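Just so it is clear, none of the values below were taken in a lab; they were calculated from the coordinates. Computed from a predicted structure; not experimentally measured. Glycine gets a Cβ as well: all are built from the backbone with ideal geometry, and neighbour counts include every protein chain shown.
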């Protein structure tokens, strides 16, 4: 590793989320439990209908709990809960509104402490969600495959955001 040039501020080291001081539990367990509750709660909300309205409060509670237990700075979790929950409720209108999934994706980047420039990966999520939503229109029976496609895109974009962050951390300031 070479010494930084005179006059350039030193690059800040990335603090891994696993090293954040937690009041309870350990980071990997909280991360996995949070992910499963966020996704499971969102799918429960999306699966609700007029014959199974009881799923809405259960899915909403699971979704909120998932955001609340993720290991990160508390204000980030608090900021992510309401927009993400509203997004999940908007998905009840059908595949045409898949583009709103950009909001929880951006909340995910915030909670994962990604640099602001990685928010540009949300464009990928928005384009895929718009195309899938436009192709399926109002056909709610194909919502599950549409969600799977957008969720896979969100996962790939999140990996890309992590790679961008690593590239930023490696380049001298």
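The table below gives the values:
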| read-out | value |
| --- | --- |
| Those residues of region 71-84 which are farther than 14 Å from residue 40 by Cβ and touching a helix residue (DSSP H, G or I) at 6+ places or on another chain (Cβ under 8 Å), in sequence order | 71, 72, 76, 77, 79, 80, 81, 83 |
| Of residues in region 134-163 being under 18 Å from residue 83 (Cβ atoms) and surrounded by fewer than 20 Cβ atoms within 10 Å (Cβ to Cβ), the one nearest to the chain's Cα centre (by Cα) | 158 |
| Where residue 172 falls short, out of the listed (1) assigned to a helix (DSSP H, G or I); (2) farther than 21 Å from residue 55 by Cβ; (3) over 12 Å from the mean Cα position of the chain (by Cα) | (1) |
| Enumeration of residues in region 101-125 that are more than 12 Å from the chain's Cα centre (by Cα) and surrounded by fewer than 20 Cβ atoms within 10 Å (Cβ to Cβ) | 115, 116, 117, 120, 123, 124 |
| Selection status of residue 122, over 19 Å from residue 165 (Cβ atoms) and in contact with a helix residue (DSSP H, G or I) (Cβ under 6 Å, 6 or more places away or on another chain) | no |
| Test: residue 53 is under 22 Å from residue 141 (Cα atoms) and surrounded by fewer than 16 Cβ atoms within 10 Å (Cβ to Cβ) | yes |
| Where residue 131 falls short, out of the listed (1) in contact (Cβ under 8 Å) with a residue 12 or more places away in the chain; (2) surrounded by 12 or more Cβ atoms within 10 Å (Cβ to Cβ); (3) closer than 27 Å to residue 47 by Cβ | (1) |
